[in-house]
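Let me begin by presenting the structure, written as structure tokens, before commenting on it.
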Amino acid sequence: LNEGEVFVLAGESGSGKSTIAKLILKSIESDSGKIFFEGQEIDNKKKNLKKIRMNCQMIHQDPYDSINPRMKIGDIISEPLEIHKLGNKAERMKRVIEVLHEVKLEPVEEILKKYPHMLSGGQRQRVVLARALALKPKIILADEPVSMLDVSIRAEMLELMKQLQKKYEITFIYITHDLATAKSFGQRIAILYL
């Protein structure tokens, strides 16, 4: 990957796109091969896992399945900050408010107190994007992030992701089977076939 680019990983269902994302995050083990991040091999040492998980965040296809329905939105977004012990409670809340503004989920004060079922699908996907942005990652793995959204909201979400990608120079790995969105969002593309 080139720093700050949108790299598209495209292929039909079952071709291994999501598996590659899980391998990068080390949530599953590979049979062979190596993963390097900033010139350093990522293995299972705690130090290396922490580095990759802090710098590489995931946006899943289904926003409802990827967030805890029993947690309020403010807690969902602050959870990665707590896990990585970043800042005190007030600093974490300040960051949560910042990212909610960034993803255009407003009024922020109301959104913070809501539960996922109280939001639309597009709003939930923005929550997932906000959670990914909270740690200021260098890479975001976006696994079919707009496939469950209506067409009008899909374009809006892709435009928002593009703006944030440019603003923060985030490297995106955009996983999709939709070549139309790949063409409009990506800069380079790899095809997984069979």
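Some notes on this structure:
- Residue pairs whose Cβ atoms lie under 6 Å apart, sitting 6 or more positions apart in sequence or on different chains, and linking a residue in region 1-30 that is over 19 Å from residue 184 (Cβ atoms) and among the hydrophobic types (A, V, I, L, M, F, W, C) to a partner that is open to solvent by 30 Å² or more (accessible area, probe 1.4 Å) and at pLDDT 90 or above, are 1/7; 28/22.
Each row is one residue, and each column tells you yes or no for (1) hydrophobic (A, V, I, L, M, F, W, C); (2) in contact with a Ser or Thr (Cβ under 8 Å, 6 or more places away or on another chain); (3) within 30 Å of residue 91 (Cα to Cα).
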residue	(1), (2), (3)
155	yes, no, no
159	no, no, yes
185	yes, no, no
188	no, no, no
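- Residues located in region 51-82, provided they are in contact with a strand residue (DSSP E or B) (Cβ under 9 Å, 6 or more places away or on another chain) and modelled with pLDDT of 90 or more: 55, 56, 57, 58, 59, 80
- Residue count, region 115-160 (criterion: polar (S, T, N, Q) and either modelled with pLDDT of 95 or more or more than 19 Å from residue 174 (Cβ to Cβ) (or both)): 3
- The set of residues in region 79-91 being under 20 Å from the mean Cα position of the chain (by Cα) and over 21 Å from residue 66 (Cα atoms) consists of 85, 86.
- Looking across region 22-43, just one residue is within 18 Å of the chain's Cα centre (by Cα) and hydroxyl-bearing (Ser, Thr, Tyr), and that is 27.
- Those strands (runs of 3 or more DSSP E) lying entirely in region 111-194 with at least 3 residues at negative phi and open to solvent by less than 20 Å² (accessible area, probe 1.4 Å): 139-143, 171-176
- Unique residue being at pLDDT 90 or above, over 29 Å from residue 163 (Cβ atoms) and among the polar types (S, T, N, Q) when the list is 48, 88: 88
- Qualifying positions in region 96-110 - in a loop (DSSP other than H, G, I, E, B) and open to solvent by 10 Å² or more (accessible area, probe 1.4 Å): 104, 106, 107
The values are calculated or read from the model by the stated rules, or taken from the named source; none is laboratory data. Please read these numbers as outputs of a predicted model, since none were measured by experiment. All Cβ positions, even for glycine, are placed from backbone atoms using ideal geometry, and neighbour counts span all protein chains on display. Areas reflect the complete protein model, heavy atoms only, side chains present, ligands, DNA and RNA absent. Shrake-Rupley method; radii C 1.70, N 1.55, O 1.52, S 1.80 Å.
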